[in-house]
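Right, one structure below, let's go through it.
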Amino acid sequence: MCVSLHLSLLSIVRPLVRTPATSLLRDRERSPQTSLQLAEALVPLRRPAPAHWRDRDISWSNPQGSVLTQVHDDVWLAERPFFPRLPGLQGTDVGGKMAVVRLPDGTLWVHSPVELDSALRDALAALGPVRHVVTPNTEHQKYASDWLREYPEATGYSCPGLRESKPEVGWHRSLSSLLDAPSGLTSASAPAEWCSAIELCWVEDRVPLTRRLPFFNEVVFFHRPSRSLMCADLWWNYPDYADADADFQVPRSTRLWKWGMDVVYKPVYNRLMKTDSWEESYRVIAGWEFETILPCHGEPVAEDAKKVLASHLAMAG
Ligand SMILES: [Fe+2]
C-alpha cells in the first residue's frame, strides 16, 4: 500500500471500526489460550494442519506455523509474514496470504502467489498439479515470475493492463480476456477455463489527487463450491488483539498499520477512490452467494460475510 499517500490524507479520519476478528475474540476468554486455540477461535474455518506441514515459526500472520492451512475441502491458504521494503516499514509484519483452489479436474488454481520454497512445492505437489497462477492486481505481482518459471505448464493470468506493461514477467493471458459480459466488468458465465468453478469481477478505482493510476485496481474472485470470495486489497481484516498467554502477539507496529488502514486509508478509499463503474462491480460481487471472505491481508471471515463486506465498503448491506 502507498503509505505516504494515505498518511498525507490524515484529515479524513473516522472512528476505528472494530473488525470481525476482534469481536470474535472479545466474546471469548482470552486467557489462557494457546496460539492454536486462539487461531481457531478467530477463524472457525481454519482446519488444524498436519504435523509435517508445521515447519515454520508461529506468528499472528501464520498462527499454525504451517506451509499451508486448509479452510475448505478444496481450498488452502499459504499464510506468511510479510515485511514491506518501504522506509519505516521493514520491521512491520503486514502479513500476506495466497489462496490455493483445487478445481473439479484436480488441477490447482493459485491466487496472489507468495514466495516459493521447497516445502511449499512439496505440499502443492501432494495436492495436485499447478495449472493456473493468478495475479489479481498490480501490488501482488512480486512472485509471479518465479511461479511461472517453476510451473511452465501453468497459465499465468495478470490483472488487466499489467501483462502489456510488464511482458518480461511472462504472464500468458490477461484476465481481461475472461471479462466477456456486456459491461466488460465480469464474465457472462463462470469461465470454462477454470471448470466453471470460479467467477471473476474487475473493480476499478482511482488514486486521488493524481491522474488516473491503476495501482489499486483488482480482479475479485468467487469460488462457487466453497462459497468463498477471494480478494487482494479490496477488503482486509488485520487483527489488533494482544494476548500475553498466547505464543504469538500482534506486534505494536502491526496494530499501528491496522489503524492506518482502517482509520486513514479506508475512508479515503470509500470517499475518493471509487470510479464510475465501481458500484456496478460491487453489485456483481454482492450478487454472488459467498459466505466466507479470504483476504490477502488479515483474518478470513466466515460469518455475516456479505454484511462485513458492505460495511467495509460503506455500502448498504
Ligand atoms: Fe495488498
When you scan segment 127-143, how many residues do you find that are in contact with a helix residue (DSSP H, G or I) (Cβ under 7 Å, 6 or more places away or on another chain) and within 14 Å of the ligand (Cβ to nearest atom)? 3
Just one of the numbered conditions (1) within 16 Å of the chain's Cα centre (by Cα); (2) modelled with pLDDT of 50 or more; (3) hydrophobic (A, V, I, L, M, F, W, C); (4) more than 21 Å from Ala305 (Cβ to Cβ) is not true of Met1; which one? (2)
Gly156 meets each of (1) touching a helix residue (DSSP H, G or I) at 6+ places or on another chain (Cβ under 6 Å); (2) within 14 Å of the ligand (Cβ to nearest atom); (3) at pLDDT 95 or above with one exception, condition (2)
Taking segment 106-153 as the region of interest, how many residues are of a type outside the set (Asp, Glu) and in contact with a strand residue (DSSP E or B) (Cβ under 7 Å, 6 or more places away or on another chain)? 25
In segment 271-310, what residues are without any contact (Cβ under 8 Å) to a residue 12 or more places away in the chain and either within 15 Å of the chain's Cα centre (by Cα) or within 19 Å of His223 (Cβ to Cβ) (or both)? Gly287
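Please count how many residues of segment 186-232 are in a loop (DSSP other than H, G, I, E, B), within 16 Å of the ligand (Cβ to nearest atom) and at pLDDT below 95. Break it down into steps so the answer makes sense when it comes.
In the first step, residues of segment 186-232 are kept if they are in a loop (DSSP other than H, G, I, E, B); the result is 187-191, 195-197, 204, 206-217, 224-227, 232.
Next, only the ones that are within 16 Å of the ligand (Cβ to nearest atom) stay: 207, 213-217, 232.
Right, trim to at pLDDT below 95 and you get 207, 213-217.
Count: 6.
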Output for segment 166-185, where each listed residue is more than 20 Å from Leu120 (Cβ to Cβ), touching a residue at least 12 places away in the same chain (Cβ under 8 Å) and not in a helix (DSSP H, G or I): Lys166, Trp171, His172, Arg173, Ser174, Leu179, Ser183, Gly184, Leu185
Residue pairs qualifying under the 6 Å Cβ cut-off, at least six apart or on distinct chains, with the first in segment 123-145 being without any contact (Cβ under 8 Å) to a residue 40 or more places away in the chain and under 21 Å from Ala197 (Cβ atoms) and the second being more than 16 Å from the ligand (Cβ to nearest atom) and of a type in the set (S, T, N, Q), are Gly128/Thr107; Pro129/Thr107; Arg131/Thr107
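Any idea which of Arg149, Arg80, Arg85 is in contact (Cβ under 8 Å) with a residue 12 or more places away in the chain, within 16 Å of the ligand (Cβ to nearest atom) and of a type in the set (D, E, K, R)?
Arg80 is the lone residue from the list that is in contact (Cβ under 8 Å) with a residue 12 or more places away in the chain, within 16 Å of the ligand (Cβ to nearest atom) and of a type in the set (D, E, K, R).
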Filter result for Trp278 (touching a strand residue (DSSP E or B) at 6+ places or on another chain (Cβ under 8 Å) and more than 25 Å from Pro208 (Cβ to Cβ)): no
Subset tally (residues that are assigned to a strand (DSSP E or B) and within 28 Å of Pro50 (Cβ to Cβ)) for segment 114-165: 5
Could you tell me whether Glu115 is more than 21 Å from Ser226 (Cα to Cα), charged (D, E, K, R) and either touching a His at 6+ places or on another chain (Cβ under 6 Å) or touching a residue at least 60 places away in the same chain (Cβ under 8 Å) (or both)? no
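The values are calculated or read from the model by the stated rules, or taken from the named source; none is laboratory data. Because the structure is predicted, anything quoted here is derived from the model rather than measured. Please note: Cβ atoms are built from the backbone with ideal geometry, for glycine as well, and neighbour counts cover all protein chains shown.
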